[in-house]
């Protein structure tokens, strides 16, 4: 027996919808779902035809003039890289790697360059680096063919590459992010590079990826 | 005591609902929740997010129509509850976006950056801002019953939570219909944003409004019925802290962990609200038996 008072209907109009509640709710909810599908189709990105490896795929994105190239060297693994200090700043660094913050044209992201021993394969390096990202929820591989990395590599050495999607979340909601990671090995050291940015700031024609490409291509292997 | 240990969600959030309608609302809630899970399983995450954000607001709107809570003055009463909640939710969603660290920064420095502002300050302040709408209605004698305060709190809280989640996640719409992502964490996340967090907010807002109505609108004999919990000076900060404590769990827990965390806070909020509603129902029964003014009586001038 409940110690609470019995609940009473509010006047004669209480419960007017009666048994139709579920039907009406179902109808309204279907309308909501339908409208949100239409909204998504209207504001969603245009479908991009995937590029073919080795074939021309449109003009490359324009990037800011590369001036004041600044060098960074891994004291542990010996590889080095260069970055345009006008749009890239060192965020964190260790003897084996560096995190560079990119801010170009109001679009921001980070590229993490990390060295590993020769025992680590490029695929393992990618997994290690992406797994170490903090604050990413709903992380999964991006299966969209148009988003895949073609000819992945680091410092002009061919290697492996993978694309992921995820979200950074807060109590208020979610924001989608894109992650592009590639790695290569010269037999003595494996270097991986991971680019992270908001999905709206990312993509193969984005300024963020263009600057990240400059940095990744600038990697010089030891010796 | 058993009732407090097993709070009933529908009858507590929708106290004017006749007993024979509870099952229909439970089915509707279950149907909506199942639809969200199915949408997530189909990887239609943006659609699932909108559906989750609107699940409780739609159910609340149906309840308001069903029991005719606003009587002859639905337009401005709706404006000050559901309308104000939506406006405040959009505002706080935009504010949260403006103060949020960049996605890239979060992946480097971790979600601890969210702890203070987005985990504690914004939920706490947002809660008090959403109460401003119902507070205006406190002046009107036409809405003088404690259960009116409860309904206004529930309505405003639902609209606030839904609007905030959609606004903050608006970027997701630009990522396409099926943007990719792990399904199971998405399901936990959607249930947290669509049910877990809104229920805490609705319960806390309703309890806070009930304390205000108990203090300024209820008969003197009822004013002390809830002890310290019925005093606005205690109830309002407590409700705000409840919402902030529920929200902050997101900054250090996994998606599934946050959902479990929210279930605990939902339980606390609904249990607190159930005690308040008990007083309101007794008050309503006493008024009916005494032939006093009913809740749907003709409008009166602001007091």
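For the reader, a short list of remarks on this structure follows.
- For residue A:75: the one exception among (1) at pLDDT 90 or above; (2) surrounded by 12 or more Cβ atoms within 10 Å (Cβ to Cβ); (3) more than 7 Å from chain B (Cβ to nearest Cβ): (2)
- Residue in the range A:211-221 that is within 12 Å of chain B (Cβ to nearest Cβ), in a loop (DSSP other than H, G, I, E, B), in contact (Cβ under 8 Å) with a residue 12 or more places away in the chain and surrounded by fewer than 24 Cβ atoms within 10 Å (Cβ to Cβ) present: no
- Here the condition is being touching a residue at least 60 places away in the same chain (Cβ under 8 Å) and either within 14 Å of another protein chain (Cβ to nearest Cβ) or out of contact with any strand residue (DSSP E or B) (no Cβ under 6 Å at 6 or more places or on another chain) (or both); of A:134, A:185, A:181, A:170, it holds for A:185 alone.
- Restricting the range B:170-188 to residues that are facing chain A (nearest Cβ under 7 Å), in contact with a helix residue (DSSP H, G or I) (Cβ under 8 Å, 6 or more places away or on another chain) and assigned to a loop (DSSP other than H, G, I, E, B), the residue that is modelled with the highest pLDDT: B:181
- Hey, residue A:114 assigned to a strand (DSSP E or B), over 28 Å from residue B:258 (Cα atoms), touching a helix residue (DSSP H, G or I) at 6+ places or on another chain (Cβ under 6 Å) and within 14 Å of chain B (Cβ to nearest Cβ) or not: yes
- Scanning the range A:137-167 for residues that are without any contact (Cβ under 8 Å) to a residue 24 or more places away in the chain and in contact with a helix residue (DSSP H, G or I) (Cβ under 8 Å, 6 or more places away or on another chain) gives a single hit, A:163.
- Among residues of the range B:172-182 being within 10 Å of residue A:44 (Cα to Cα) and in contact with a strand residue (DSSP E or B) (Cβ under 9 Å, 6 or more places away or on another chain), the one that is surrounded by the fewest Cβ atoms within 10 Å (Cβ to Cβ) is B:174.
- The number of residues in the range A:19-72 being facing chain B (nearest Cβ under 7 Å), modelled with pLDDT of 85 or more, surrounded by 12 or more Cβ atoms within 10 Å (Cβ to Cβ) and within 25 Å of the chain's Cα centre (by Cα) comes to 4.
- Verdict on residue B:65 being in contact (Cβ under 8 Å) with a residue 12 or more places away in the chain and surrounded by fewer than 20 Cβ atoms within 10 Å (Cβ to Cβ): no
- From the list B:33, B:112, the lone residue that is surrounded by fewer than 19 Cβ atoms within 10 Å (Cβ to Cβ), more than 10 Å from chain A (Cβ to nearest Cβ) and touching a helix residue (DSSP H, G or I) at 6+ places or on another chain (Cβ under 8 Å) is B:33.
- Against the criterion of being modelled with pLDDT of 85 or more, in a helix (DSSP H, G or I), surrounded by fewer than 23 Cβ atoms within 10 Å (Cβ to Cβ) and more than 8 Å from chain A (Cβ to nearest Cβ), residue B:85 does not qualify.
- Boolean, residue B:90 is at pLDDT 95 or above and closer than 30 Å to residue A:165 by Cβ: yes
- Once the range B:9-30 is narrowed to residues that are within 8 Å of chain A (Cβ to nearest Cβ) and assigned to a helix (DSSP H, G or I), the residue that is nearest to the chain's Cα centre (by Cα) is B:11.
- Residue satisfying condition, being at negative phi and under 15 Å from the mean Cα position of the chain (by Cα), within set A:174, A:218, A:185, A:170: A:174
- On the stretch given as the range B:39-77, residues that are facing another protein chain (nearest Cβ under 10 Å), out of contact with any helix residue (DSSP H, G or I) (no Cβ under 8 Å at 6 or more places or on another chain) and assigned to a helix (DSSP H, G or I) total 2.
- Positions within the range B:213-246 being farther than 26 Å from residue B:125 by Cβ and buried (at least 17 other Cβ atoms within 10 Å of the Cβ), in sequence order: B:218, B:222, B:225
- Meeting the requirement of 2 or more residues that are closer than 18 Å to residue A:213 by Cα, the strands (runs of 3 or more DSSP E) wholly within the range A:122-190 are A:160-170, A:173-185.
- Check on residue B:155, part of a helix (DSSP H, G or I), under 21 Å from residue B:276 (Cβ atoms) and within 11 Å of another protein chain (Cβ to nearest Cβ): no
The values are calculated or read from the model by the stated rules, or taken from the named source; none is laboratory data. On a predicted model such as this, the values are computed, not experimentally measured, just so you know. In this analysis, Cβ positions are derived from the backbone assuming ideal geometry, glycine residues included, and neighbour counts consider all displayed protein chains.
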